[in-house]
Amino acid sequence: MIGLYHPGSSIIHRTPTLLKLLLLSVGVTVVGLLGQPWQLLVALGAVFVLYVVAGIPPRPAWQQIGPILWILIIAVPLQALFAGWTTAGMMAGRLVVAVALAALFTLTTTVTAVLEGFQALLHPFRRWIDADRVGLLVALTLRCIPLVAEIVAEVLEARRARGTQGSLLALAVPVVVRSLYAADAIGEALVARGLDD
Amino acid sequence: MTRITFDGVSHSYGKRSVLRDIRLDLSEHRIGVVGANGSGKSTLVRMINGLITPTSGTVSVDGLNVARNAREVRRQVGFIFTNPDNQIVMPTVQEDVAFTLRRRGLTREQVAERTAAALDRFGLTAHADHPAHRLSGGQKQLLALAAVLVAEPKIVVADEPTTLLDARNARRITELLQEMSQQVIVVTHQLELLAGFDRVVVIDEGEVAFDGSPDAALDSYRELLA
Amino acid sequence: MTARTLTVRDLAQIAIFAALIAALGLPGALTIGAVAVPITFQTLGVMLAGAILGARKGFFAVLLFLVLTAAGLPLLSGGRGGLVWFTTSPSTGYLYGWLAGVAVIGYLTAVLLPRYPFWPALAATVLGGIVVVYLFGVPVTAVNLGLPLWAALVDSAKFLPGDVAKAVVTVLVARQVHKAYPGLIPGALRRKPSMTAGHAGR
């Protein structure tokens, strides 16, 4: 479960997940309240420092933050029409800082750690939510992604072999039906391997 | 060896009857079940660990009624499916083997130790942390075996375990099944898998068509096919 | 995912559909004709989850997919993942909309089964998969980008043709699947006993 995690041993990597999550929400809230351009510049600088401390190279950072910039290229001029360039620029800046903070969380926390954090957050609700089952479902889904991806690939290949272009429908029906059969078989295996209700 | 009994077992899916009044008393070490597609043999072996509950009649393992004691029986019965892809339920090789040991009251260390031993036995140690879906077809079936045997069942049931494998891997799985100290019940089309078995049951159209020594059973099965 | 009342078979179906939504976002998973169409098929997965598994299982499938994405797996189309997409991104609202949408589609589908007539089914799928999803998506886009609501609404229109097509496909697929595989949605099972029920469950 590598995901988007960028391995490292910085203090940001080592901060406990839930604390990091709390700091992230505080950070995003504060950034949302910034009203002056110079405050935003300070925040931007601070985020930059955090990335340096975490030792995140530009490439993975860009992969996380880049997509937002594309959206802003359209959104900022549009917004400038309504509210002027200063407001539009501030909005864009706040968004970029908040996105960079959230991305930093994702880049410095393993998927396993985040899932454990989620489970800990669920703890107060344990009367209604069976954490063991949640963990099982998560692992089962991770196992099923390559399985379903293979089903999709095979159906596509079969279509190509027959030389039919076919519609999306001709593709989706076999994918869904085969996925359902796979689910039945996996359900049977889970029972055989000792999981009962 | 354990004693598996089918007592007047019949089964139907809706109106379609797949098994009729099966009476069997199985206590040999290695037992083969052969029959054509749709003969009911897969349904039959799924009753041994309660995956399917018969419409009428009872199946028991060492005197335990499977329908009423499914959980206990399943701990003694390991099941190998035809398609190992559907048997793998966890993302990595090691996690998948360890899954069988959950809720067995073992400590983390015991689970790790037994998992490592099972991986070693089937030559999968080097793949322990790999995603299970990257294994070859033969390795996946070895993983399925490891994941079943790690729990040390008394009985191993295998439903056409070599059908989807190439000849080399089929031979390897066959040898492993033949060498097992556990009681083994194998459903198959591949008759050579049954060399050295103690007993072979031929199922045809939901009934026991023959039951006896492998040689005689295979003759009878070939006649059925002819 | 509370639910001790979910059978093992339900769990497997939930996991498979969460995986299906993820697989539909994998690069190169689907191209139509010669060119890769730049629309995300993940909304198709969400609509299918509701129309095929029903409200409860469909909701859990979408939730599971979103939890894995939020935890940092790059499962959103284009290899995106992480908390960004659930907090400050302009498209955040759509993801929450999926949760509400899948439940609406699932609930209405259960009512329409076993007949599942085309036009009411399409209306149900459009209501859940488009109206409800946009109801969450558009205002959040407006807030996160600081745009007036109407501008965000106009912006969202670019997704509309693709989403309508996906709703049509969902209904056509669901019709065939429910015929071939009855008993997927519990409410419908009671009215029409299934041959496969109880086979792999429990």
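The values are calculated or read from the model by the stated rules, or taken from the named source; none is laboratory data. The structure presented is a predicted model; accordingly, all values stated were derived computationally and were not measured. With ideal geometry, Cβ positions are generated from the backbone for all residues, glycine too; neighbour counts draw on all protein chains shown. Just the protein is used for accessible areas: all its heavy atoms, side chains included, with ligands, DNA and RNA removed. Shrake-Rupley method; radii C 1.70, N 1.55, O 1.52, S 1.80 Å.
Just to check your reading of the model, which residue among A:D130, A:D184 is farther than 21 Å from C:L68 by Cβ and in contact with a Lys or Arg (Cβ under 8 Å, 6 or more places away or on another chain)?
Numbers: A:D130 fails: farther than 21 Å from C:L68 by Cβ.
Matching residue, one of A:D130, A:D184: A:D184.
Hey, could you check the range B:111-138 for residues that are small (G, A, S) and within 13 Å of chain A (Cβ to nearest Cβ) and say which is surrounded by the most Cβ atoms within 10 Å (Cβ to Cβ)?
Of the residues in the range B:111-138, the ones small (G, A, S) are B:112, B:116-118, B:123, B:126, B:128, B:132, B:136-138.
Filter once more, keeping what is within 13 Å of chain A (Cβ to nearest Cβ): B:132, B:137.
On the way: B:A132: 28, B:G137: 14.
Here the residue is B:A132.
Could you check the range A:22-43 and list, in sequence order, the residues that are at pLDDT 85 or above, closer than 25 Å to C:P74 by Cα and hydrophobic (A, V, I, L, M, F, W, C)?
A:L22, A:L23, A:L24, A:V26
In the range B:54-74, how many residues are under 19 Å from the mean Cα position of the chain (by Cα), away from chain A (no Cβ under 12 Å) and in a loop (DSSP other than H, G, I, E, B)?
Result for the range B:54-74: 4.
Scanning for something at positive phi, buried (at least 17 other Cβ atoms within 10 Å of the Cβ), among the small types (G, A, S) and touching a Leu at 6+ places or on another chain (Cβ under 8 Å), does the range B:148-170 turn up at least one residue? Outline the logic, then answer.
Applying the first criterion (at positive phi) to the range B:148-170 yields B:152, B:160.
Still in the list and also buried (at least 17 other Cβ atoms within 10 Å of the Cβ): B:160.
Now restrict to residues that are among the small types (G, A, S): none.
No.
State yes or no: is A:T86 within 9 Å of chain C (Cβ to nearest Cβ) and more than 17 Å from C:F86 (Cβ to Cβ)?
Numbers: within 9 Å of chain C (Cβ to nearest Cβ): no; more than 17 Å from C:F86 (Cβ to Cβ): yes.
No; evaluated as a whole, the condition is false for this residue.
If B:Q141 passes every condition in (1) open to solvent by 30 Å² or more (accessible area, probe 1.4 Å); (2) assigned to a helix (DSSP H, G or I) but one, which one does it miss?
(1)
Name the helices (runs of 4 or more DSSP H) wholly within the range C:35-141 that hold at least 1 residues that are touching a helix residue (DSSP H, G or I) at 6+ places or on another chain (Cβ under 8 Å) and open to solvent by 50 Å² or more (accessible area, probe 1.4 Å)?
Numbers: elements: C:42-48, C:54-70, C:84-87, C:92-112, C:118-126.
Once the helices (runs of 4 or more DSSP H) in the range C:35-141 are filtered for at least 1 residues that are touching a helix residue (DSSP H, G or I) at 6+ places or on another chain (Cβ under 8 Å) and open to solvent by 50 Å² or more (accessible area, probe 1.4 Å), what remains is C:54-70, C:84-87, C:92-112, C:118-126.
Quick one: which residue in A:A170, A:A185, A:A161 is more than 27 Å from the chain's Cα centre (by Cα), among the aliphatic types (A, V, I, L, M) and within 13 Å of C:Q13 (Cβ to Cβ)? Spell out the reasoning first.
Values: A:A170 fails: within 13 Å of C:Q13 (Cβ to Cβ); A:A161 fails: within 13 Å of C:Q13 (Cβ to Cβ).
Selected residue: A:A185, the only one of A:A170, A:A185, A:A161 that is more than 27 Å from the chain's Cα centre (by Cα), among the aliphatic types (A, V, I, L, M) and within 13 Å of C:Q13 (Cβ to Cβ).
Could you identify the single residue in A:V173, A:V134 that is at the interface with another protein chain (Cβ under 7 Å from one of its Cβ atoms), of a type in the set (A, V, I, L, M), farther than 25 Å from C:H178 by Cβ and open to solvent by less than 50 Å² (accessible area, probe 1.4 Å)?
Values: A:V173 fails: farther than 25 Å from C:H178 by Cβ.
Among A:V173, A:V134, only A:V134 is at the interface with another protein chain (Cβ under 7 Å from one of its Cβ atoms), of a type in the set (A, V, I, L, M), farther than 25 Å from C:H178 by Cβ and open to solvent by less than 50 Å² (accessible area, probe 1.4 Å).
Would you confirm whether or not the range B:98-110 contains a residue that is closer than 26 Å to C:I14 by Cβ, aromatic (F, W, Y), assigned to a loop (DSSP other than H, G, I, E, B) and open to solvent by less than 20 Å² (accessible area, probe 1.4 Å)? Give the derivation first.
Filtering the range B:98-110 for residues closer than 26 Å to C:I14 by Cβ gives B:98-104.
After this cut, where a residue has to be aromatic (F, W, Y) as well, the list is B:99.
Applying the additional criterion that residues be assigned to a loop (DSSP other than H, G, I, E, B) yields none.
No, every residue in the range B:98-110 fails to be closer than 26 Å to C:I14 by Cβ, aromatic (F, W, Y), assigned to a loop (DSSP other than H, G, I, E, B) and open to solvent by less than 20 Å² (accessible area, probe 1.4 Å).
C:T109: at pLDDT 90 or above and hydroxyl-bearing (S, T, Y), yes or no?
Numbers: at pLDDT 90 or above: yes; hydroxyl-bearing (S, T, Y): yes.
So C:T109 fits the description; yes.
Can you tell me which condition C:L153 does not meet? The list is (1) open to solvent by less than 40 Å² (accessible area, probe 1.4 Å); (2) within 27 Å of A:G32 (Cα to Cα); (3) of a type in the set (A, V, I, L, M), and all the others hold.
Result: C:L153 fails condition (1) only.
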